[in-house]
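The next block holds one structure in the form of structure tokens; read it before the comments.
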């Protein structure tokens, strides 16, 4: 007996096969697309500064400013070092404390003195520190060197200073040189590093007639310049 359903079934199978083939083709195309290697993406290079000259100018100005500050502080340190060397090692400044050296130097005048030289000569005006025998107080004084180590000092009855037998002539000293009560005995011979120092104002000045010789270690320096105080 002939099966009447055979041919329609074949046609149906063929139709199914065509659709399946189309689907398979699409699937294969999709798999090929997936399996294709991806091309590496190109990295974007950083963009250069739009205004390079302006950036370089800012950098140059900043570096220049830093160098200027370095130079300024370098010069400042050098200046302070020079000032320290001059006024604390080589030179010194002090104010005349009284009228012991009047009329040549008045109280309040500014004295510039030289520190380094420790060999003082006749007629040098020196700044020195001396302990007062009655109070024990150390005072800053200014006076004139009139005798040095090894000299023999005397004071005559007429108020004249005699050094090594010679009477000193002091035309700019207006008062006689009288010995002080309780001072050293005369004739007085000075030691190797001792000086006999007197004030120009012989009536009121505090000097070697009162406390005796001054040692070289007590002398701070020799006066080289006097800056006069402006009297009102």
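Readers should treat all values here as calculations from the given coordinates under stated rules, not as data from a laboratory. Because the structure is predicted, anything quoted here is derived from the model rather than measured. Positions of Cβ are backbone-derived with ideal geometry, glycine not excepted, and every protein chain shown enters the neighbour counts.
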Shape descriptor, the stretch 57-189: equivalent ellipsoid semi-axes (Cα gyration tensor, sqrt 5λ, whole Å, largest first) stand at 50, 15, 14
Spatial separation of Cα centroids for the stretch 57-75 and the stretch 118-160, in angstrom | 56 Å
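For the stretch 53-92, what mean projected area does the convex hull of the alpha carbons give, in nm²? Write out the running numbers ahead of the final one.
On the way: hull surface 9.7 nm².
Computing the convex hull of the Cα atoms and averaging its projections yields 2.4 nm².
Test of understanding: ordering 135, 225, 177, 206 by Cβ neighbours within 10 Å, fewest first, what list do you get?
Taking fewest neighbouring Cβ atoms as first place, the list is 135, 225, 206, 177.
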What's log10 of I(q)/I(0) for the stretch 118-219 at q = 0.14 Å⁻¹, Debye sum over Cα points only, no solvent?
-> -0.47
